[in-house]
């Protein structure tokens, strides 16, 4: 199976052949994979070098002329380093585009904290109008990338990861119910699903799968909570996100504003691990391996 | 077809005066530096830029990106004088109901190509605009970005300057209004930054309309072009 980034390269190269409005802007990262596409479309595959402020600004400038820019680099440089450009050059100018990141929160553990971006989605939450996709499988990434490119002049963020689930799920419209139970609702985001399913084996909880987290599918969450709580009692909701813990906590509270509820937000901590190693080791270090997740979920539901 | 506005028998001086008078009539206060901005913008709008209210949505129009967005009164006055919006708007400058803020907003003001205020955004946006025009085969359209010498402190400009030179973005133009306001100055001069990156660059007296016009219209095949316009130093 190819990775999400490899899938991004192949499907975007194909879309560039068929959609003259599409332009890809890079800052060296990923450029080698797009060399063939650049030769075919030298004016629409643009590598500005290691210049992320220009990366975002030039992407928005392309949108000013009516094009559909796809802008790509590691999440830490795409969203964090050039955040004011994202805020102003796309948001304030009223322009659309697709930001596609790689690296996520822990994809290259040996690379250390400089190449980790657990805060990307929390940052985008300070802005208006961003759709956020967090695919959990290369097939899902393909579906969501195609959807993002075709989404008119919307602003869309697609967070690709080297971490993925064993099988793809249907994605594209809100949350999906993966299993049902009455003890609580666990929302598993993107690559977190497999570990969540392993963690809740034997627990009577509903698991919702979210590959699109903004807009947050509050209606599906409310429906799931209604199934669990019936007409009375409080709702227990656990969020498991592959980025900063609790990022979607406010969205859950908004969705359940008129219902008694408790929320446990699991994900990446603010404290740096300052460890290298592998993705598996980092997931365990963050308490996101099946055993740790299971213990934390059980402990929360018991209270 | 687009019309090259500037080469009609010279209405420039008259329109300059008229615009100044209209602006004054609306109680608009422009300082010395801003008045320079007004006259230089008028030189461009009248003689260089192919843009007008009728063309403001035309894909092949020239673009003027005011990157140095503070002190936009002169800019608004030019746009009003050219008919992009009613002159009555000018008196509301900065008011809650007014579309005219202390920094311009493209979403609110017809004819404004970019919202600005935070420094260092115009040139990267101009690079993208030039790339977009090139990708769509609109070779006739030119992009002008007005920045200040102090604004040049922002590193984002230098990302844009280096890349635009390497990419040979001939449609891109920068006007650097140099009122010597950069805290640490520019040792070796401003134009040299552009030249070293492969731009065509020239430095002129910003109060000399003919010199400006010559600099604005100098040919620069295959290279972006920078005009450094020296004006009265801020602290003079």
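Structural remarks
- Test: residue in segment B:77-90 that is within 25 Å of residue A:89 (Cβ to Cβ), in contact (Cβ under 8 Å) with a residue 40 or more places away in the chain and within 14 Å of chain A (Cβ to nearest Cβ): no
Residue-wise test of (1) within 14 Å of another protein chain (Cβ to nearest Cβ); (2) modelled with pLDDT under 95; (3) in contact with a helix residue (DSSP H, G or I) (Cβ under 9 Å, 6 or more places away or on another chain).
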| position | (1), (2), (3) |
| --- | --- |
| A:45 | yes, no, yes |
| A:71 | yes, no, yes |
| A:78 | no, no, yes |
| A:101 | no, no, yes |
| A:104 | no, no, yes |
| A:107 | no, no, yes |
| A:112 | no, no, no |
| A:116 | no, no, yes |
| A:123 | no, no, yes |
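- Here residue A:90 does not qualify as touching a helix residue (DSSP H, G or I) at 6+ places or on another chain (Cβ under 7 Å), within 14 Å of chain B (Cβ to nearest Cβ), assigned to a helix (DSSP H, G or I) and more than 22 Å from residue B:135 (Cβ to Cβ).
- Residue in segment B:127-154 that is farthest from the chain's Cα centre (by Cα), counting only those that are within 7 Å of chain A (Cβ to nearest Cβ) and assigned to a helix (DSSP H, G or I): B:135
- Selected residue [touching a residue at least 40 places away in the same chain (Cβ under 8 Å) and surrounded by fewer than 24 Cβ atoms within 10 Å (Cβ to Cβ)] from A:88, A:127: A:127
- Members of segment A:1-30 that are closer than 29 Å to residue B:120 by Cα and buried (at least 18 other Cβ atoms within 10 Å of the Cβ): A:22, A:23, A:24, A:25, A:26, A:27, A:29, A:30
- Selection within segment B:210-236 - out of contact with any strand residue (DSSP E or B) (no Cβ under 9 Å at 6 or more places or on another chain) and surrounded by 18 or more Cβ atoms within 10 Å (Cβ to Cβ): B:213
- Qualifying residue in segment A:26-41 (condition: without any contact (Cβ under 8 Å) to a residue 40 or more places away in the chain and assigned to a strand (DSSP E or B)): no
- Test: residue in segment B:109-122 that is in contact with a helix residue (DSSP H, G or I) (Cβ under 9 Å, 6 or more places away or on another chain), outside any loop (DSSP other than H, G, I, E, B) and crowded, with 24+ Cβ neighbours inside 10 Å: yes
The values are calculated or read from the model by the stated rules, or taken from the named source; none is laboratory data. Computed from a predicted model, the values in this text were never measured in an experiment. Every residue, glycine as well, gets a Cβ built from its backbone with ideal geometry; the counts of neighbours run over all protein chains shown.
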